[in-house]
Amino acid sequence: MNYKLFGLVGYITVVGLFISCKSMRAPMPSVAAVAPLGVNTAPKPDSVPGGVPVWVAKKGAYNPSARQLHDLIHTSLAIRFDWQKQYAYGQATLTLKPYFYPQQTLVLDAKGMDIQAVQLITCGNPKNLKYTYNKAQLNITLDKTYTRAETYKILIKYTAKPNELEVKGSAAITSDKGLYFINPLGTDPNRPRQIWTQGETEANSVWMPTIDKPNQRMTQEFFITVDSKYTTLSNGLLVSSKNNTDGTRTDHWKLNKPHAPYLAMLAVGEFTVVPDKWQGKEINYYVEPQYRNTAKAIFGNTPAMLDFFSKKLGVDFPWEKYAQIVVRDYVSGAMENTTASVFMEDLQVNRRGLLDANWDYIIAHELFHQWFGDMVTLESWANLPLNESFANYSEYLWEEHKNGKMAADVAGLKELDQYLAESKTKQEPLIRYHYQDKEDMFDSHSYAKGGRVLHMLRNYVGDDAFFTALKNYLTTHQFTSVEVAELRMAFEDVTGEDLNWFFDQWFLAPGHPQLSVQHTYQNGKLTVGVQQLQDSAYTPIYRLPLNISVWNKNKRTDYPVEINKAYQTFTFDVAAAPELVLFDGDQQLLGQVAHPKTNAELIYQFSNVKQYVPKREALQGLKTKVNDPKVLALFKTALQDEFWQIRSDALLALEKYAGTDESLIKQVQQLALKDAKSTVRTDALTMLATLEKADNINIYNQALTDSSYAVVAAAIDGLVAAKAGNQAERLAAFEKEDSRKLMRALSGYYAYFGGPEKYDWYLQTLDIMRGEEMFFFLQNFGGFLMKIAPAEQKKAIAKLENIARHHDTYYVRLGAYQALTLASDSPEMKALKQDIKAKEKDPKLLDIYKNINY
């Protein structure tokens, strides 16, 4: 499961607004400064009564692994669909046996179904069995007591009714109704008709009776009957496809290796299958027909990833095929169903959209799950990081392999920042059995923090030991479920070292180190003092093996140290005052480090350290001192750096530049128009927009001809910032482009400078907006409606009310609610909003509504 939506979700949760997985690649704030040594300035967050910090874990009951009374061996499912009613009609034949102890009853998960029959399949006629059903679990009385040496088969005939369930979800997965009908009646001309499933965490039991726990394993075969015009996809291989006399077709999909029930999937729709290969295996990409020509440009690195990950892990890709499918209105970023990953529709772009799109990170994430999550599966949701930490870290590994360590460290720093942002309000152990809801596990701890912990483990044991241990872990536990102790023992078996200390502080304890570092030089001695400032009432005093790197006479020397106390000093013999002291020279530590440095040291750091994070740190540390000629020169150099991210970071640091150096502004203007990287051009336009200078209007107008949608959108935003209200006629030419990013930008411009003639455009465009861009579009639409007479607002109010009440995605419902707030403050609107809040059932949105007063 991909988590890149959490950047936006976290922002919504904190302030009731939306910000862009999982994407979701937002710039990071700098680490907060820490006062000098001896002054305890550990963050003092808001406290609840009793003085307990708000981030302290709120424990629920202990959540053990599900007890295994039965072993689910195989599922054979025949399923067909009713588009009108949005039902699924199924016949599931389950092969089971007792796990160890004799059993006479069987309990299956089956949510919100109508059960027509429960039968024992015998050599003779099927035998009806007694059962009770409470709309959540099916309790079956077997015909006798079975021992673990005996298998039996149960047939269940049922109707699945996903839309009649009360929908819940998590930050990662916005809905849990399991089975989704998209545009089922075909009434929306902007969306195709599709059916798809989403099983994680325990939602596949909405559409098939099963034991819906991650520590179960089954093989499967699905017989999916659909209208002949539709393509289907499921786990495993397509064994046969049979045309029926009624115009339908039945596709038989079979998976021969066992996997957890939550990883089962099916999808139905008018997809084009774009074929690819890897070592003789089918590697297919399922997209809507209009995107057939860009599918390989989006997914085409998959064979190279398969090759890289198989070699890196020493374990070949374990399944018989791999398919990737893009669906509409998906409830997450992506999902790693065994042999068939599902992706959100953002991955479907036209040729022009490809200029801004690089989806390798999410593709790598779901692919790596085929080893970590699918072949080896967590035994309980408390152990979710055993899936998601590895998938997140695969993004780093692929970036490192493809684009080098500098590029990988960009991704790593963003992961660190994502966790640190969440830590302000939540600090939990990575492995946590006392969650209040299993959906709570899908957070920046399980994903971002977990990935950075694996990076530290790799740095500590070394690459050879790290990947050897992963190979042993995978081969020892293949096609089974695991807990964190088994990962630790895999590393101990390779390294010969007791690693309890590492796993205890990083996997089993909450929080992170917050360090204040000072260095002084006197009489040939360099002294480095380190104080751990985290609240030790809730967070451990860490054991931190790392390097302190010292530049003396332009030569770097790394000094290994181990921090294991609340306060320590380290002394080194150094012939002369060092040019630079870099704490954690490998830049691998998960934590917050405040290490005061002079301007001269930061300038030296930028120019001499060949690592991304210290370069960015120098730019952030110097951004308020650009009037210093030496600092100004550094920024001009950074704007020409060969690594595009450094150029972007320099532009970010220069936002709201208050200096008077015209040559710097001209340099930024040139980047906005001519940089080879569309991201840099976008960031340059964004920086110029923060200056709010009218003489940049010409730059924005030139950028409107850029090939990149992102650049054009930034140029439109710049015109808004510059109050260039005479461009509406020219901008109207973009209204037909296939880019929601552009539509969002246009909606912002028209909210300020559009007249009533744009009303219909808003109404029509709202129908094609999706996801995060839809959220922002809704905000702008609300602002635009302030200019529309109340009597004319009715069409818009009706649409917004429908979205606020019924849209599948909770943050889109929030956006519509906020748009209603902007549109009117009449008593009728206040009553409508109160009713919307009163009837909302999603706990995430209810929590937000509690904290907003409008």
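The values are calculated or read from the model by the stated rules, or taken from the named source; none is laboratory data. These figures come from a predicted structure and were not determined experimentally. Backbone-built Cβ (ideal geometry, glycine too); neighbour counts: all protein chains shown.
Taken as a whole, the structure leaves Ala364 outside the set of residues that are out of contact with any Ser or Thr (no Cβ under 6 Å at 6 or more places or on another chain), assigned to a helix (DSSP H, G or I) and at pLDDT 95 or above. For Lys736, the stated conditions do not hold, so it cannot be described as out of contact with any Asp or Glu (no Cβ under 7 Å at 6 or more places or on another chain), of a type in the set (Lys, Arg) and over 26 Å from Asn190 (Cβ atoms).
Would you say Ala32 is modelled with pLDDT under 95, in a loop (DSSP other than H, G, I, E, B), outside the structural domain of Met265 (by TED's automatic domain parsing) and surrounded by fewer than 16 Cβ atoms within 10 Å (Cβ to Cβ)? So Ala32 passes the test. Of the set (1) modelled with pLDDT under 95; (2) in contact with a Ser or Thr (Cβ under 9 Å, 6 or more places away or on another chain); (3) more than 29 Å from Val609 (Cβ to Cβ), all apply to Lys656 but (3). Scanning the range 115-136 for residues that are within 11 Å of Thr105 (Cβ to Cβ) and either within 42 Å of the chain's Cα centre (by Cα) or hydroxyl-bearing (Ser, Thr, Tyr) (or both) returns Tyr131, Thr132.
Pick out, from the range 532-616, the strands (runs of 3 or more DSSP E) lying fully within it that include 2 or more residues that are under 30 Å from the mean Cα position of the chain (by Cα). Because the criterion is at least 2 residues that are under 30 Å from the mean Cα position of the chain (by Cα), the strands (runs of 3 or more DSSP E) in the range 532-616 that meet it are 544-552, 592-594.
Taking Asp307, is it surrounded by fewer than 18 Cβ atoms within 10 Å (Cβ to Cβ), of a type outside the set (A, V, I, L, M), under 30 Å from Ala465 (Cβ atoms) and touching a Ser or Thr at 6+ places or on another chain (Cβ under 6 Å)? Against the criterion (surrounded by fewer than 18 Cβ atoms within 10 Å (Cβ to Cβ), of a type outside the set (A, V, I, L, M), under 30 Å from Ala465 (Cβ atoms) and touching a Ser or Thr at 6+ places or on another chain (Cβ under 6 Å)), Asp307 does not qualify. For first residues located in the range 210-223 and over 15 Å from His477 (Cβ atoms) and of a type in the set (D, E, K, R), partners that are in a strand (DSSP E or B) and modelled with pLDDT of 95 or more and lie 6+ apart or on another chain with Cβ distances below 7 Å form the pairs Asp212/Asp109; Glu221/Ser76; Glu221/His252; Glu221/Trp253; Glu221/Lys254.
Any residue at all in the range 722-739 that is over 27 Å from the mean Cα position of the chain (by Cα) and more than 19 Å from Thr705 (Cα to Cα)?
The answer is yes; a qualifying residue exists.
Would a scan of the range 653-668 turn up a residue that is farther than 30 Å from Glu773 by Cα, touching a helix residue (DSSP H, G or I) at 6+ places or on another chain (Cβ under 7 Å) and polar (S, T, N, Q)? Checked the range 653-668: at least one residue is farther than 30 Å from Glu773 by Cα, touching a helix residue (DSSP H, G or I) at 6+ places or on another chain (Cβ under 7 Å) and polar (S, T, N, Q).
With respect to Arg67, is the statement that it is modelled with pLDDT of 95 or more and assigned to a strand (DSSP E or B) true? Criteria not met by Arg67. Checked against (1) over 27 Å from Ala408 (Cα atoms); (2) surrounded by 21 or more Cβ atoms within 10 Å (Cβ to Cβ); (3) not small (Gly, Ala, Ser), Phe570 passes all but a single condition, namely (2).
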